[in-house]
Amino acid sequence: MPETTRRADRPADRLSGTRYGNRPTMKDVAARAGVGLKTVSRVVNGEPGVTPDTERRVQEAIDALGFRRNDSARVLRKGRTASIGLVLEDLADPFYGPLSRAVEEVARAHGALLINGSSAEDPEREQELALALCARRVDGLVVIPAGDDHRYLEPEIRAGVATVFVDRPAGKIDADVVLSDNYGGARDGVAHLIAHGHRRIGFIGDMPRIHTAAERLRGYRAAMEDAGIPVEERWMSLGATDPVRVRRAAEEMLAGPSPVTAIFAGNNRVTVTVVRVLAEQSRPVALVGFDDIELADLLQPGVTVVAQDAAALGRTAAERLFRQLDGTLVQPERIELPTRLITRGSGELPPAG
């Protein structure tokens with residue numbers, strides 16, 4: 001057999017001498033630098049008692065070997081891992097980008113690492129992910145809940161895992177939660193449409209079991225009731241926010257002899273699909289969306305929205321988490337952040353015809 005063929009069939013021969021999977025240890029650094037283990041430990045941990053020349057030799061050995069300190073022993077001594085977990089609904093949702101970044105910035109300011117994952121709006125997956133993070137000894141959890149029963153976290157909380165819920169409250173346990181004013185924001189958005197002459201206003205939202213969707217529907221109903229406008233069942237549609245379902249709901253509301261003249265979209269994903277549907281209509285239809293969307297100000301007309309401060313949600317939740325870890329918080333609290341109505345044109349259109 002030719003040598004080249006034999007070597008291609010046996011990559012281990014070609015890679016002999018390498019140590020894949022075996023990271024360099026302090027013992028390796030000590031041997032290369034010609035010093036004792038205690039000296040390496042002092043250099044790695046920034047402790048005094050090492051001459052500049054010895055420190056230089058140890059650092060050169062560290063750099064040459066690619067040595068990284070193993071924090072496991074320090075974790076055992078301190079009882080902290082300097083890491084927190086973030087359980088999101090959907091990592092691909094633009095709303096969670098600034099929220100996640102804000103949590104990460106607070107964690108970084110406290111010298112902690114952020115580990116995040118997505119529940120995909122599945123309660124079982126949320127539980128699996130949260131408990132997996134706890135098994136990896138995170139110091140705390142920030143959770144955007146998919147489920148409505150969080151008693152599975154009670155043993156972890158009793159064991160000292162700081163926990164804060166954000167965007168939606170925890171189910172069946174008493175825990176810190178940071179929310180937007182979903183009810184008030186939706187109420188203001190629908191009242192804005194009513195103030196511009198609309199009476200037949202549709203509502204398209206997320207699944208009714210989701211706290212934010214239910215609160216925004218409640219705000220819609222309250223604004224209509226305040227104005228003395230009876231709500232017809234066909235004006236309301238809650239369910240999955242996939243484009244096919246939302247498109248069908250919008251088209252049904254816009255059809256028939258008495259179509260809606262305005263739509264309140266319950267979240268950013270709904271708003272994007274409704275914008276596409278309205279672009280196909282022969283008559284203007286007013287629109288207000290909950291959550292801002294990218295390029296909303298560049299459309300014609302611009303999209304009027306009820307904006308949440310996603311970064312403030314994440315920052316407030318993370319700050320409370322670290323206050324729990326510092327021992328400065330005792331009783332769980334519910335914090336509700338205000339929303340803001342941004343007028344850009346679509347919500348100011350008068351009823352057609």
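The values are calculated or read from the model by the stated rules, or taken from the named source; none is laboratory data. Everything numeric here is computed off the predicted structure, so don't read it as measured data. Cβ coordinates were reconstructed from backbone atoms using ideal geometry, including for glycine residues, and neighbour counts include every protein chain displayed. The accessibility values were calculated without ligands, DNA or RNA, using every heavy atom of the protein model including side chains. Shrake-Rupley method; radii C 1.70, N 1.55, O 1.52, S 1.80 Å.
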If you go through the stretch 100-122, how many residues are open to solvent by less than 60 Å² (accessible area, probe 1.4 Å) and not in a loop (DSSP other than H, G, I, E, B)?
8
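When the stretch 303-353 is examined, which residues are found to be under 30 Å from residue 199 (Cα atoms), open to solvent by 40 Å² or more (accessible area, probe 1.4 Å) and at pLDDT 95 or above? Can you show your working first?
Here is the first cut: in the stretch 303-353, the ones under 30 Å from residue 199 (Cα atoms) are 303-309, 336-353.
Narrowing the set further to residues that are open to solvent by 40 Å² or more (accessible area, probe 1.4 Å) leaves 309, 336, 338, 340-341, 343-344, 348-351, 353.
Correct list: 309, 336, 338, 340, 341, 343, 344, 348, 349, 350, 351.
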Considering residues of the stretch 189-248 that are without any contact (Cβ under 8 Å) to a residue 24 or more places away in the chain and of a type in the set (A, V, I, L, M) only, the residue farthest from residue 266 (Cα to Cα):
195
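Would you check which residues across the stretch 18-36 are more than 17 Å from residue 60 (Cβ to Cβ) and at pLDDT 90 or above and list them? Lay out the reasoning, then the answer.
Filtering the stretch 18-36 down to residues more than 17 Å from residue 60 (Cβ to Cβ) leaves 18-23.
Scanning the stretch 18-36 gives no hits.
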Scan the stretch 145-160 for residues that are open to solvent by less than 20 Å² (accessible area, probe 1.4 Å) and among the aliphatic types (A, V, I, L, M) and jot them down.
146, 153
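List the helices (runs of 4 or more DSSP H) inside the stretch 204-296, counting only whole elements, that have at least 3 residues being more than 29 Å from residue 147 (Cβ to Cβ) and open to solvent by 10 Å² or more (accessible area, probe 1.4 Å). Walk me through how you get there before you give the answer.
Values: elements: 211-226, 243-253, 268-279.
Filter on the stretch 204-296 gives 268-279.
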Taking the stretch 178-200 on its own, how many of its residues are in a helix (DSSP H, G or I) and of a type in the set (D, E, K, R)?
2
The stretch 132-144: number of residues that are open to solvent by less than 60 Å² (accessible area, probe 1.4 Å) and part of a helix (DSSP H, G or I)
3
